[in-house]
Amino acid sequence: MAEDVRRVFRMDNEVLAFRFTATVSDRASRTPRERLTDPARLKMWLGATELDVTDVSPTDLKDAVELREAIYRIGSAIAAGEQPESKDVRTLNTIAAAGHAKAALEHERAGWHLTETTPVTDALGVLAMDAIRVLGGPDRGRVKNCEGPGCAGLFLDTSRGANRRWCSMNTCGNKVKKSRSAAS
């Protein structure tokens with residue numbers, strides 16, 4: 001029986017690259033939870049984001065985790081007002097440059113065409129380009145880490161007052177509100 005992608009992964013982040021970093025949950029807790037546990041899980045996540053690939057190797061998984069962690073560290077540094085590590089920036093730029101995906105408009109929706117020879121590299125390139133767009137773009141100052149208990153996930157604060165505190169009101173925000181009402 002196939003796993004339900006929404007039971008395995010959080011898919012609610014508006015920024016694709018940050019949704020990818022959420023394949024580790026509870027980052028700030030004592031026991032972060034790795035969700036990309038094998039190549040099949042990476043294939044499942046990519047398919048759920050319409051970056052369908054036919055096969056994922058253990059090396060592809062290793063490359064994906066390296067990219068994910070570089071995006072997370074860069075985003076967290078930016079959220080803290082710090083300079084990202086040059087090694088992480090190099091990783092991000094190298095993976096973005098290696099991809100050969102082509103943007104396409106089909107059935108009134110934007111999507112990506114991946115090459116037949118290197119589809120996983122292309123998909124990772126799309127994720128890296130999305131991260132570059134957000135982390136190096138005009139909204140860079142709105143990148144934040146979630147203040148939810150144990151979370152620390154990345155999100156883009158698009159609220160009018162730039163005062164959003166949680167990656168998702170439905171998960172982390174509700175946890176905080178429930179704990180406050182239980183304490184009352």
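Computed from Cα positions, the angle between helix 39-48 and the longest principal axis of the chain comes to roughly 80 degrees. When cysteine pairs in the chain are screened for C-beta atoms closer than 4.7 angstrom, the residues that find no partner are CYS172. Think of a 1.4 Å ball rolled over the protein heavy atoms: the chain then has 58 Å² of accessible area per residue. Between the alpha-carbon centres of the stretch 36-68 and the stretch 115-149 there is a gap of 15 Å. Each residue, THR158 and GLU82, gets one label point 7 Å from its Cα in the Cβ direction; the gap between the two is 2.9 nm. If you take the Cα atoms of the chain, find Rg, then find the Kirkwood Rh from the mean of 1/r over all pairs, what is Rg/Rh? Result: Rg/Rh = 0.97. Bridgeable aspartates and glutamates around LYS62 (alpha carbons under 17 Å apart, same-chain partners fewer than 8 residues away excluded): GLU34, ASP38, ASP88, ASP122.
Could you run the Debye sum over the Cα atoms of the stretch 25-79, one equal point scatterer each and no solvent, and tell me log10 of I(q)/I(0) at q = 0.24 Å⁻¹, two decimals? Relative scattering, expressed as log10 I(q)/I(0), comes to -1.03. If you roll a 1.4 angstrom probe over the protein chains with everything in place, what fraction of the accessible area of the chain belongs to carbon and sulfur, to the nearest %? Carbon-and-sulfur percentage of accessible area, whole number: 51.
Across the protein chains, with a 1.4 Å probe defining accessible surface, the residues ASP60, ASP122, ASP4, ASP52 rank ASP52, ASP4, ASP60, ASP122 from largest area downward. Rounded to the nearest 10 square angstrom, SER168 shows an accessible area of 10 square angstrom against a 1.4 Å probe. Could you give the nm distance between label points at VAL5 and GLU108, where each point is 7 Å from its Cα heading toward the beta carbon? Modelled inter-label distance: 2.2 nm. Computed over the alpha-carbon atoms, the stretch 1-110 gives an Rg to Rh ratio of 0.97, Rh here being the Kirkwood radius from the mean inverse distance.
Run the helix sum for the chain: -39,500 (n - 2.57) per DSSP H stretch of 4+ residues, divided by residue count, reported at 222 nm to the nearest 500 deg cm²/dmol.
So the helix-based figure for the chain works out to -13500 deg cm²/dmol.
Could you pull out the trypsin sites (Lys or Arg not before Pro) across the stretch 1-33 that fall in loop regions by DSSP (anything but H, G, I, E, B) with no more than 12 other Cβ atoms inside 10 Å?
Here the trypsin sites (Lys or Arg not before Pro) that fit, given the DSSP loop and packing criteria, are ARG30.
A simple spin-label model places pseudo-atoms 7 Å from Cα toward Cβ; at ASP52 and GLU34 they are separated by 2.9 nm.
The values are calculated or read from the model by the stated rules, or taken from the named source; none is laboratory data. This one's a predicted model, so the numbers in the text were calculated from it and none came from an experiment. Every residue, glycine among them, receives a Cβ derived from its backbone with ideal geometry; neighbour counts consider all protein chains shown. Surface accessibility is based on the protein's heavy atoms, side chains included, excluding ligands, DNA and RNA. Shrake-Rupley method; radii C 1.70, N 1.55, O 1.52, S 1.80 Å.
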